[in-house]
Structure formats: C-alpha cells, structure tokens
Amino acid sequence: AIIPNSVTKIYAGAFQSNTNLISVVLPNTLDSIADGLFYGCSNLANVEIPNTVTFIGELAFGACLKLDNIQLPKSLRSIGSYAFAYTQIATLNLPEKLDFLDELAFGECKKLESIKIPESIDSISRKLFWECDELRNVELPNSLTRIGDYAFYACKSLQSLQIPPAVNKINSTAFLGCSSLKALDVSSSNSTYCSIDGVVYTKDMTKLFRCPPGREKIVEIPNTVKVIGEYAFSQCRSFSALNLPESVVELEPYSLNSLALENITLPSSLTTIKNAALYSNFKNIYCTSLKPPVWDLGDNPYKTYTFTDEVFNNSTLYIPGGTTF
C-alpha cells in the first residue's frame, strides 16, 4: 500500500489487525504515526517512514509479527510505549536526536540482538527491553543518568554492560532475570557508583548495590560494606559460597533471595534484616551474634516474608550459647 501525499493525518488504529497488509509507504506529509496504527498487522513486513515523522505512538507497530527490519527517520524524536513490542526486529539504528523512549517500547522483541542508545537520551525507561531474549550488545550513552525498574528484565543473553559516568540512579530491579549477566562495569568517573570485578557498589563502598545474576565466581565483599542492597544478590544461583563480612549491619529487601546456597552465616555485626532478604532455600543458617538481628518486615502484611516453607520445615538455625531474645 502506498498512501498518497494528499493524506496529512491517519487516525489511531486505522489499520489495526489488518492481516492483508504486507507493505506500506507512508506519505511525507505525516509528522506522527498514531497510537496503534498498525497494531496486530501480523503480516506487515516492510514499512517506509518519511523524514517528516517526529513521533511514533503507543503500540504503533506492536505485534507486527513479521516486521524484522525498519529504517527510522532522522527526524524522529519520540517512541511511545509498546511501539515495537512483539516484533521480529533484530537490529535497530536509533536516530541521533531521539530524546524519548517510553516504557516497553521494545518489550518482548525476541530477536533484538544489538542496540546503540543515542547521546540525546538521558533515561532508560522502565521495562524498555523487557524479555528481549537475544539482546547481547547494548551501548549506553554518556548522557544517561537513569536506568529504570525492570529495564533489562529477563534479557537472558546479555553478558556484560558498561555503566556510563553520569548515571546516578539504577533501579534495584533493572537486571532481574538477566541469567547470563556476569559483569556490570561502572565508569571510573561515575560519582554515584563504582564497580569491582563486575560487582556494583555505591561510590563510598558502604553498600553493595548489585551483583550480576549470571556471575559464577565467589564475591569477596570488602569490609567497608555496611549494607547489602535491595535485590543485590537476587537470582545469583551459581555461587557455592558467600561470606558476609563483620562490617555488614543491614540486609535490604530481597537482597539474598532466590540463591542456590545451602549455607549462610549471619555476621555478629548484623542488626537489621528486611522483607524477604533471606527468602532462599538455605539448609543451614548460622547466626553468630548473641543478640539476634531485628526482622523489619514493613507495614504490608501481604509482603512479609522471612524464610521459605522449605527452610521452616527442613533447615537448621544455629545460634551461639547464651543468646538473648
């Protein structure tokens, strides 16, 4: 289908679920691609977007199951949520002046292998690359300041990522499900975070922020660390051991959940354990302090977890003689 230049506006969902549409050439009179314009066009394989388009709307090409390649115009400034979700796109060149990528814009793009985020982008939106199974190469810009929640959730092929110098906020859930991720390397000039051997800490080294879920080597935690951060070791299932140094005073929520470790020793310095911090199937839990740490489970009774049922039924808690309650 070739849409003539006499057309200056195409309304939202105009071609939605049109299974007969295979190819389309859009007119150079358009400045935007409306929400859901081609959503569910399961046989659409070729699209020509003119260099007048600045905005691609929500679900514009979502579920175009045969769309495996698209050339984005240099004029493009914004891509809406789910815009390319569920397509077969393997590589994508984002325009240099693109300044906004909405959440789930590339959600479940199962064939997407590589992407370079332009310098005009300052934030990776929440769930942007949700379940992009084949995503291996991601180049983040120096302009980036924030990585949102679940940004790379279940990107199972991602093995490493370079964190740029300006990033000052990484959501604790950003890399959940990244089962092959072995290293997160922070720029040495970053003022908020740092990394040692691929593990991310706060710049002052008092908090271990995130260990990559796919890491296999044992982590030697420095004795400057006081806090094990939220989801810090969550889903790290390849460890044979983990030593918490005597400097650690707090385990944040979910910090040691979903591990494969059989044994865990809680240091005598530990004073606070938060919701689901130890929600793993440990067989032996060693508490070394005469005064047990406080379980701070928060206010929501539906999100209060201490140990799994497996731990309660089959594990042993060791405490020193003379312990007070």
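The values are calculated or read from the model by the stated rules, or taken from the named source; none is laboratory data. Everything numeric here is computed off the predicted structure, so don't read it as measured data. Cβ placement follows ideal geometry from the backbone for every residue including glycine, while neighbour counts extend to all protein chains displayed. Side chains are part of the model used for accessible areas, which takes the heavy atoms of the whole protein and leaves out ligands, DNA and RNA. Shrake-Rupley method; radii C 1.70, N 1.55, O 1.52, S 1.80 Å.
General observations
- The Cα center of the stretch 24-41 and the Cα center of the stretch 307-321 differ in position by 59 Å.
- Per residue, the accessible area of the stretch 101-167 comes to 38 Å² when a 1.4 Å probe rolls over the protein heavy atoms.
- Rounded percent of accessible protein surface that carbon and sulfur make up, the chain, 1.4 Å probe: 47 percent
- Percent of Cα pairs exceeding the 19 Å cut-off, where the set is the stretch 1-132: 43 percent
- Rg followed by Dmax, in Å, when the stretch 1-47 is reduced to its Cα trace: 10.2, 27
- Of Lys156/Lys203; Lys116/Lys217; Lys74/Lys116, those spanning more than 26 Å from alpha-carbon to alpha-carbon: Lys156/Lys203; Lys116/Lys217
- Descending by average beta-carbon neighbour count within 10 Å, the peptides 188-196, 101-109 line up as 101-109, 188-196, the highest first.
- Hydrodynamic radius (Kirkwood) for the chain, which is based on Cα pairs only, to one decimal in Å: 21.7 Å
- Taking label points 7 Å from Cα along the Cα-to-Cβ direction, Lys110 and Asn281 give a separation of 2.8 nm.
- The local environment of Ile228, defined by Cβ-Cβ distances under 11 Å, has a net charge of +1 under the rule Lys, Arg +1 and Asp, Glu -1.
- Other residues within the sphere of radius under 15 Å centred on the Cβ of Ser160, judged by their own Cβ, net out at +1 (K and R +1, D and E -1).
- Note on the chain: GNM, Cα springs under 10 Å; of Glu131, Glu310, Glu139, the largest mean-square fluctuation is that of Glu310.
- Hull shadow area, averaged, the stretch 171-325 [alpha-carbon convex hull, nm²]: 9.3 nm²
- Centroid-to-centroid separation of the stretch 192-265 and the stretch 75-129 [C-alpha atoms, Å]: 31 Å
- The alpha-carbon atoms of the stretch 96-220, seen along their principal axes, cover 37, 28, 19 angstrom, with the largest extent given first.
- Using R0 = 25 Å, the C-beta based FRET efficiency linking Tyr11 and Gln88 works out to 0.40.
- Shape of the stretch 243-294, Cα gyration tensor, a/c cut at 1.5: oblate
- Per-residue extension of 0.36 nm, minus the Cα-Cα distance of Asp309 and Thr272, leaves a gain of 11.2 nm for this segment.
- Estimated translational D of the stretch 208-300 in µm²/s (Stokes, Kirkwood radius over Cα pairs; 20 °C; 1.002 mPa s): 164 µm²/s
- For the chain, the mean residue ellipticity at 222 nm estimated from helices alone is -500 deg cm²/dmol, where every DSSP H run of n ≥ 4 contributes -39500 (n - 2.57) and the total is divided by all residues, rounded to the nearest 500.
- Packing, as the average of other Cβ atoms within 10 Å across residues, places the peptides 69-77, 81-89 in the order 81-89, 69-77, highest first.
- Put simply, the convex hull of the Cα atoms in the stretch 150-194 casts, on average, a shadow of 2.9 nm².
- With 5 Å bins from 0: P(r) over the stretch 175-219, alpha-carbon pairs, percent: 6, 25, 31, 22, 12, 4
- Each label was represented as a point 7 Å from its Cα along the Cα-to-Cβ direction; for Met205 and Lys156 these points are 3.8 nm apart.
- Alpha-carbon spread of the stretch 256-325, three principal axes, descending order, Å: 34, 27, 19
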